[in-house]
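What follows is a short report on a single structure.
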Amino acid sequence: ILNVEQSPQSLHVQEGDSTNFTCSFPSSNFYALHWYRWETAKSPEALFVMTLNGDEKKKGRISATLNTKEGYSYLYIKGSQPEDSATYLCAFIITGGGATNKLIFGTGTLLAVQP
Amino acid sequence: NAGVTQTPKFQVLKTGQSMTLQCAQDMNHEYMSWYRQDPGMGLRLIHYSVGAGITDQGEVPNGYNVSRSTTEDFPLRLLSAAPSQTSVYFCASSYRNNQPQHFGDGTRLSIL
């Protein structure tokens, strides 16, 4: 069974705090790892797609790292703002065994930033 | 560009009825997929397509059919609606599966 775990399930921080979440996925036959930001009543919006071990991506105050050998990715938000409040989803793809092309999502980390 | 367009936005069905959820994209994307979103379950892949004429099953395909006769359109069919199919359905597309997915606005479906 292909499974991706995200932790924590939810997080409440104060404005200005820096925070990070974890996405764990099967390390065998890794192909790609996606991060999405999902605001309430909207559709998911892509943040990053990462494919190489050691990859680091940055978009404003948000950055992500990837470790394909141990099967995890971290998403960091520096100086959280109320507008960062959303659910952050990760999704992975592996190759082989009929799983290629299947993008499997985690259940997300719900971030609430208090002003 | 309109992006990914889903219709309808809301639908109420009775058990046993059939219907088709429409999804169209104008970005010439090869990869298209359907997800359902249920509380506590995240997004679960129903069916996907890597190009016109090619479809495959995702994690939860039972009770749903798809076809991909053109690059632009990827309809999802419920053959005989069941209350367990009450959910919010999202369509997404991208150039390839290792490229960012563009999501539609979703279809909220209730089966009574």
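Name the residues in the stretch B:66-87 that are farther than 12 Å from B:GLN22 by Cα, surrounded by fewer than 16 Cβ atoms within 10 Å (Cβ to Cβ) and touching a residue at least 40 places away in the same chain (Cβ under 8 Å), would you?
Within the stretch B:66-87, B:LEU79, B:SER80, B:ALA82, B:PRO83 meet the criteria.
Please note which strands (runs of 3 or more DSSP E) are completely contained in the stretch A:20-115 and include at least 3 residues that are away from chain B (no Cβ under 12 Å).
Because the criterion is at least 3 residues that are away from chain B (no Cβ under 12 Å), the strands (runs of 3 or more DSSP E) in the stretch A:20-115 that meet it are A:62-67, A:72-77, A:109-114.
Would you check if B:SER93 is of a type in the set (Gly, Ala, Ser), within 11 Å of chain A (Cβ to nearest Cβ) and in a strand (DSSP E or B)?
Working: of a type in the set (Gly, Ala, Ser): yes; within 11 Å of chain A (Cβ to nearest Cβ): no; in a strand (DSSP E or B): yes.
It is false that B:SER93 is of a type in the set (Gly, Ala, Ser), within 11 Å of chain A (Cβ to nearest Cβ) and in a strand (DSSP E or B).
From the list A:LEU103, A:LEU66, exactly one residue is at pLDDT below 95, of a type in the set (A, V, I, L, M) and farther than 18 Å from A:GLN9 by Cα. Which is it? Don't jump to the end; show me each part of the working.
Working: A:LEU66 fails: at pLDDT below 95.
One residue alone meets the criteria, A:LEU103.
Of the residues that sit in the stretch B:96-108 and are at the interface with chain A (Cβ under 9 Å from one of its Cβ atoms) and not in a loop (DSSP other than H, G, I, E, B), which one is farthest from A:ALA32 (Cα to Cα)?
Selected residue: B:PHE103.
Are any of the residues in the stretch A:88-95 of a type in the set (Gly, Ala, Ser) and open to solvent by 40 Å² or more (accessible area, probe 1.4 Å)?
No; the residues of the stretch A:88-95 include none that is of a type in the set (Gly, Ala, Ser) and open to solvent by 40 Å² or more (accessible area, probe 1.4 Å).
Only residues that are more than 19 Å from B:ASN65 (Cα to Cα), open to solvent by less than 20 Å² (accessible area, probe 1.4 Å) and either in contact with a His (Cβ under 8 Å, 6 or more places away or on another chain) or part of a loop (DSSP other than H, G, I, E, B) (or both): list them for the stretch B:26-44, please.
Hit for the stretch B:26-44 is B:HIS29, nothing else.
Please specify each residue of the stretch B:27-70 satisfying the condition of being of a type outside the set (Phe, Trp, Tyr) and in contact with a helix residue (DSSP H, G or I) (Cβ under 9 Å, 6 or more places away or on another chain).
B:ARG36, B:GLY63
How about the stretch B:1-18: which of its residues are open to solvent by less than 60 Å² (accessible area, probe 1.4 Å) and modelled with pLDDT under 95?
B:GLY3
I'd like to check something: does the stretch A:70-84 contain any residue that is of a type in the set (S, T, N, Q), within 24 Å of B:ALA92 (Cβ to Cβ) and open to solvent by 20 Å² or more (accessible area, probe 1.4 Å)?
Checked against the condition, which is being of a type in the set (S, T, N, Q), within 24 Å of B:ALA92 (Cβ to Cβ) and open to solvent by 20 Å² or more (accessible area, probe 1.4 Å), the stretch A:70-84 yields no hits at all.
Does B:ILE111 satisfy the condition of being within 11 Å of chain A (Cβ to nearest Cβ), among the aliphatic types (A, V, I, L, M) and farther than 24 Å from A:ARG37 by Cβ?
No.
Take the stretch A:69-89 and flag every residue that is among the small types (Gly, Ala, Ser) and at pLDDT below 95.
A:GLY71
Go through the stretch B:6-65 and give me each residue that's among the polar types (S, T, N, Q), in contact (Cβ under 8 Å) with a residue 60 or more places away in the chain and under 14 Å from B:ARG77 (Cα atoms).
Selection gives B:GLN6, B:THR7, B:GLN11, B:GLN17, B:SER18, B:SER33.
The values are calculated or read from the model by the stated rules, or taken from the named source; none is laboratory data. In this text the structure is predicted, and so the values were computed from the model without any measurement. Methodologically, a virtual Cβ is constructed for each residue, glycine included, from the backbone with ideal geometry; neighbour enumeration extends over all protein chains shown. The accessibility values were calculated without ligands, DNA or RNA, using every heavy atom of the protein model including side chains. Shrake-Rupley method; radii C 1.70, N 1.55, O 1.52, S 1.80 Å.
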